[in-house]
1. Round to the nearest 0.05 the FRET efficiency obtained for I452 and T254 when R0 = 35 Å and r is the Cβ-Cβ distance.
2. Between 0 and 90 degrees, rounded to the nearest ten: what's the tilt of helix 467-482 against the longest Cα principal axis of the chain?
3. Rg to Rh ratio, the range 1-111, alpha-carbon atoms and Kirkwood radius?
4. So, R0 is 35 Å and r is the distance between the beta-carbons of A209 and F164; what FRET efficiency does that work out to, to 0.05?
5. Mind sorting out which of [x] 25.5; [y] 26.1; [z] 23.9 is the real Kirkwood radius over Cα pairs in Å computed from the coordinates?
6. What list of whole percents do you get for P(r) of the range 155-272, with Cα-Cα distances grouped in 5 Å bins up to the one holding the largest distance?
7. Relative to the compact globular guide of 2.2 N^0.38 Å, what is the alpha carbon radius of gyration of the range 55-95, as a ratio?
8. Hey, any idea what % of the chain's accessible area is carbon plus sulfur with a 1.4 Å probe?
Amino acid sequence: MVIPQGMSYANLAGLPYAFGLYGAFVPCIVYAFFGTSRQLVVGPVAVTSILLGNGLSGFMPSEEDPNNPVDAQVQENYNHAAIQIAFIAGCFYFAFGLFRMGWITNFLSSAMISGFMSGASVIIALSQASTSWAGVKYILGLKIPRTDTLQDSLDELFSNLSQFKWREFCMGMSFIFLLLAFKYLSRTYKRMAYLKALGPLTVCVISIALMNIFNWYEPKDKPYIKPIGNIPSGLPSFTGSWWLPLFDVGRQMTLAVLICMIDVCESISIAKALAKVNKYQLNFTQELRGLGIANIAGALFSAYTTTGSFSRSVINNSVGAQTPLANMTTGLMIMVTLLWITPVFKNMSQNVQGAIIIVGVLQLFDYPEFLYLWKINKFDWLVWVACFLTTLFAGVEIGIAVGVGLSLVVVIYKVAFPRITQLGRLPGTNIYRSILMYPEAETTPGVLVLRIDAAIQFFCCEANIDATGIHFLSDFLDELYDDSIGLVLANPNNRVLLALMRAHLDHKIGRQNIRVDIADAIGQATYLVEGRRTEAV
């Protein structure tokens, strides 16, 4: 499955086909030793490829056809820059694991990632942003330059329709229908789950057979159906000397961070789901380190950024993989392919790549999440829509930036305006619940029981209270006391208690007014109310 996908995704990244095979060779073997997921399959993926291709083309000269460059030096520099980003991203991966910083990915909400990937899937399918021969252009047989937005891609597409080649279109569409049929059968009938993995390999075999039987790859200057051409044989060369100096430090570092963040979210979420299904514990810290080491090792041998593949990991799980040995096997099979089998792909038609890309990215368009978010959370739905549209019409980097920004705005908004719930006691119990959800809940005369569903602080940090929260609480106490109202706290956690003691607010509140549970706090509040009534009499 990874051989045709790897070659297709490498082209999406603006790299020669062979780099896609390199990405599934060394990283797979290294991850088998250092990763903790038993089913996760690492290698080239569509989202990383389009991010890399779009990001590099913004500041690096690139060739329209990376496999047959007009200027070999231009493509060589581009390849160097891609390897450098793989090295930097691997270092970030490892650092996240070393310093246990995986929590940073919490700021990349699932709505943001889903919206971004859905927008990117449309971009990939229309072949824009990262390569001149992919997606729809493969199927139609068109030669269209790189573009950065959907409207530019459509303009180029329609202005070049005169190049339309019906033979490539018919052949490419047949491959798409065959791949979709394989996916449908594998999803509908569990015994045929293996068909999803066989789909890409099957269309490759059919393409190679037809192209060679009928000589459709001739004549070379204007072939009947365009083949992919030569793929270099042999193991990848050593590229550790490519790491430094960087071509553009700022842009390459930024791009590496973006790729790393998206990859971490994608890979960890897949690994977590597979670990849950197979009932074992995933070591997230070691997982990040393992992915980092795999990327760094890959960058030593011509592999661009790799991460966990959703589709290949699902297939790996469905056919019964139980140990990382599956990754080792994949890596060794890729080695065999690189040494002896790459000449077989020379006459394979380019429209196979388009079919694989289009069908592969269909699963990235997450319309069920769009409908789901509309039903349960309008804020997250707006983040999804904004990220989708921005990615589609402004480009992937701007789409990510807008998505992260909106995710942070939503988080800050929820913290700034927390839900405050009035509680009442359920009849015959000491259980306190919202009086809106439980109308039968009883309130205590003279006592208002409130629950703040957020931390009292400048920014949320897991049930903590910061300096701003301390100042607010002190001022709030003064206002309450001026109005002859007492404050009783129920079961504050240790961090809050420590912060109150350091600020001497425990004395201002009164230690007798800090209780262990709600029922105890209600008793203390009732005692205060009765005492003040007695004083008034």
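1. Working: r = 38 Å, r/R0 = 1.09.
So, using R0 = 35 Å, E works out to roughly 0.40.
2. 30 degrees
3. With Rh from the inverse mean 1/r over Cα pairs, Rg/Rh is 1.00.
4. Once the sixth-power term is evaluated, E becomes 0.90.
5. Read-out from the structure maps to [y].
6. Percent of pairs per bin, in order: 2, 8, 9, 10, 11, 13, 15, 15, 12, 3, 0.
7. Normalised by 2.2 N^0.38 Å, the Cα Rg of the range 55-95 equals 1.33.
8. Looking at the chain in its full context, I get 64 percent from C and S.
The values are calculated or read from the model by the stated rules, or taken from the named source; none is laboratory data. Quick caveat, the model's predicted, so the values are computed rather than measured. Methodologically, a virtual Cβ is constructed for each residue, glycine included, from the backbone with ideal geometry; neighbour enumeration extends over all protein chains shown. When the accessible area is computed, the model is the full protein with side chains, heavy atoms only, and any ligands, DNA or RNA have been set aside. Shrake-Rupley method; radii C 1.70, N 1.55, O 1.52, S 1.80 Å.
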